[in-house]
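Step one of this worksheet: look at the structure below.
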Amino acid sequence: MSLSREHAAELSADTVVVAAGRPERAHDEAVNPPIVLSSTYYGTGALGDGDRGYGRYANPTWDPFEEALAQLEGAELPGLLYASGLAAVNSALSLIPAGGVLVMPSHSYAGSLVMAAELAAKGLFELRIVDIADTDAVKAQLAPDDGKAADMLWVESPTNPMLGIADVRALTHAAHAAGAVVVTDNTFSTPLVQQPLSLGSDVVLHSVTKYLAGHSDVVLGALVTSNPEIRAELLHQRTIHGGIAGPFEAWLALRGLRTLALRVERSQASAATLAERLKGHPRVEGIRFPGLPDDPGHERARKQMKGFGSILCIQVAGDAGRSAADAADELVKALRLWIPATSLGGVESLIERRRRHTAEPESVPENLVRMSVGIENVEDLWADLEQALGSLDA
Ligand SMILES: *Cc1c(COP(=O)(O)O)cnc(C)c1O
């Protein structure tokens, strides 16, 4: 590829998203990588480690995205692309030895929690659920006085959907002291806002579906690590579990990545503006956004993130005529520009009441609405919110 890892390390991340993963500079070579549609590759001799061999082992269309992700996360090895974020979660969980211990945030992505709980219920490992923002509580579960030390610490920060902020550096330090591998789900932040490897994590996870691809038209996941043994094990798991990316999706993800810096810059700025305005609204009885100076996670977020992301959550106030949960549902229905849909990280602003998902933990308030701020004009987004909030009083 034309951008080396050494050169990328000298460039700003907003340049790397544009320049990474392009083909070598040769006369008349295309400036974008091709989509390679082939389930097998020519070969005669014994298949070695670096060989492509078969379509489930490797596809040249994955390589530019995997290299770009490594350059953005500051990893020493190419990333690994998966069929979905959850396929990547599954591969990461496979690093836990049989009978081992996983420590996981109570407000992890719901699918990750369900998967971990089901695997634990089958007896594959022990699952300890923690409040990841409570550093001492997590430390106590990593190395309990009277129990087994943890084998893996799962980190999500900000958490989904409560937007709690973990002290990632302190936690990775404690986890390593206990002998645990640290996996950080960096989906909400993207490598432009937070670089977990530099904070001590061993593995970074992305639902590429969200910000990295960025257009709500692709489902993909990825893992990144600088540890050669871990990467070899993950690659093996991906190959035998078969949760691989389709070439067209991989190509779309790289195409989406080109504008990541512009999208993140815009949506973060809009989220900050909207959070400030929503905070004072009489129909908003609670708000979580780490960018607000009085948010409990603000100081930590300021230290370990470049910006505060573009997800915010509000709790909608009910009234004599309706419950707060009903008011939240009505708010979502009254919007004309915001799209009522799950997911996040796309160019379009999405909103949903989280507890409409039956898997959502009960510790998430019934009236909590998660908002993924897109790249539309912020005044249009605000006007729509204002009219929908106002309609609750009509
Ligand atoms: C969406 C999401 C996932 C799961 O990714 P899929 O691509 O939907 O499989 C994992 N973690 C977080 C934080 C997510 O938002």
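The values are calculated or read from the model by the stated rules, or taken from the named source; none is laboratory data. This is a predicted model, so every value here is computed, not measured. Virtual Cβ from ideal backbone geometry, glycine too; neighbours counted across all protein chains shown. Just so you know, the surface numbers come from the protein's heavy atoms only, side chains and all, with ligands and any DNA or RNA stripped out. Shrake-Rupley method; radii C 1.70, N 1.55, O 1.52, S 1.80 Å.
Some points to look at:
- Criterion applied to A275, A269 was being within 22 Å of P161 (Cα to Cα), assigned to a helix (DSSP H, G or I) and without any contact (Cβ under 8 Å) to a residue 60 or more places away in the chain, and the one residue passing it is A275.
- P97 part of a loop (DSSP other than H, G, I, E, B), assigned by TED's automatic domain parsing to the domain that holds N59 and within 11 Å of the ligand (Cβ to nearest atom): no
- Residues in the range 188-212 that are open to solvent by less than 10 Å² (accessible area, probe 1.4 Å) and within 9 Å of the ligand (Cβ to nearest atom) were compared, and the one that is nearest to S94 (Cα to Cα) is L205.
- Residue check, V364 more than 24 Å from the chain's Cα centre (by Cα), open to solvent by less than 30 Å² (accessible area, probe 1.4 Å) and not assigned by TED's automatic domain parsing to the domain that holds V193: no
- Across the range 28-51, the number of residues qualifying as modelled with pLDDT of 95 or more and in a loop (DSSP other than H, G, I, E, B) comes to 14.
- Test: L102 is part of a strand (DSSP E or B) and under 23 Å from L223 (Cβ atoms): yes
- Screening the range 298-311 for residues that are out of contact with any Leu (no Cβ under 7 Å at 6 or more places or on another chain) and open to solvent by less than 20 Å² (accessible area, probe 1.4 Å) and picking the one that is nearest to A13 (Cα to Cα) gives M305.
- Pairs where the first residue, in the range 240-260, is surrounded by fewer than 24 Cβ atoms within 10 Å (Cβ to Cβ) and in a helix (DSSP H, G or I) and the second is of a type in the set (D, E, K, R) and modelled with pLDDT of 95 or more, C-beta under 8 Å, 6+ apart: L252/D217
- Conditions (1) touching a Lys or Arg at 6+ places or on another chain (Cβ under 9 Å); (2) farther than 30 Å from G346 by Cβ: number failed by A120: (1)
- Residue within the range 219-234 that is away from the ligand (no atom under 14 Å from the Cβ), surrounded by fewer than 20 Cβ atoms within 10 Å (Cβ to Cβ) and outside any helix (DSSP H, G or I) present: yes
- Checked against (1) away from the ligand (no atom under 16 Å from the Cβ); (2) closer than 14 Å to A301 by Cα, I132 passes all but condition (1).
- When the test is whether a residue is over 24 Å from D217 (Cα atoms), among the hydroxyl-bearing types (S, T, Y) and either touching a residue at least 12 places away in the same chain (Cβ under 8 Å) or in a helix (DSSP H, G or I) (or both), S363 passes it.
- Counting only residues that are part of a strand (DSSP E or B) and open to solvent by less than 10 Å² (accessible area, probe 1.4 Å), the range 145-187 holds 8 of them.
- Among residues of the range 52-90, those that are in a loop (DSSP other than H, G, I, E, B), within 16 Å of the ligand (Cβ to nearest atom) and out of contact with any helix residue (DSSP H, G or I) (no Cβ under 6 Å at 6 or more places or on another chain), counted: 2
- Residue check, V89 open to solvent by 30 Å² or more (accessible area, probe 1.4 Å), in contact (Cβ under 8 Å) with a residue 40 or more places away in the chain and closer than 28 Å to T259 by Cβ: no
- Boolean, L119 is touching a Pro at 6+ places or on another chain (Cβ under 8 Å) and in a helix (DSSP H, G or I): no
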